[in-house]
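Below is one structure, written out as structure tokens, with a few remarks after it.
Read the figures in this text as sums done on the coordinates, not as results from a lab. The model shown is predicted, which means the values in this text are computed figures rather than measured ones. Note that each Cβ is placed from the backbone with ideal geometry, even for glycine, and that neighbours are counted across all protein chains shown.
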């Protein structure tokens, strides 16, 4: 399945999430997508973005470890269905938006968390979402430079 469709499905699921376990699960799904998109671009993306893409994959994988695996109870990991990225620029732009929305949702969970462990999991996941979003911006910048002929 194309990355843009998976990202759209995750954005919709996150937007519809009201309960804490659902928000955490969808935030985990967002990071799993960051890892998968990064891995895909690191392997088959333009050479100019491969190292940044590897960094995105690593940032996504660290965040997935910081939250429980609630995504498995909601029908599995959507990112496992990633088979192509038809439009890397759009996929990255949409992924950046999803990561931002995920971070905002996690802030809401963190400020209302009564469980200290959940609070710290959210803080770690917010940091990872920020790092992943920074990596997305870096890849988009590299793609723009490549299009202008500034990078070989």
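Computed quantities for the displayed model
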read-out: Whole-Å distance, taken between Cα centres, linking segment 14-65 and segment 85-140; value: 9 Å
read-out: Sequence of 56, 6 once ranked by neighbouring C-beta atoms within 10 Å, starting from the fewest; value: 6, 56
read-out: Choice from 117, 125, 13 showing the highest fluctuation, given a GNM over the chain with Cα pairs closer than 10 Å; value: 117
read-out: Relative contact order computed over the chain (Cα-Cα under 8 Å; 6+ residues apart), in percent; value: 31 percent
read-out: C-alpha long axis of helix 50-66 to longest principal axis of the chain, angle in °; value: 10 degrees
read-out: Bins of 5 Å from zero: percent of alpha-carbon pairs in segment 3-144; value: 2, 12, 23, 25, 19, 11, 6, 2, 0, 0
read-out: Packing-based exposure ordering (other Cβ within 10 Å, fewest first) of 130, 94; value: 130, 94
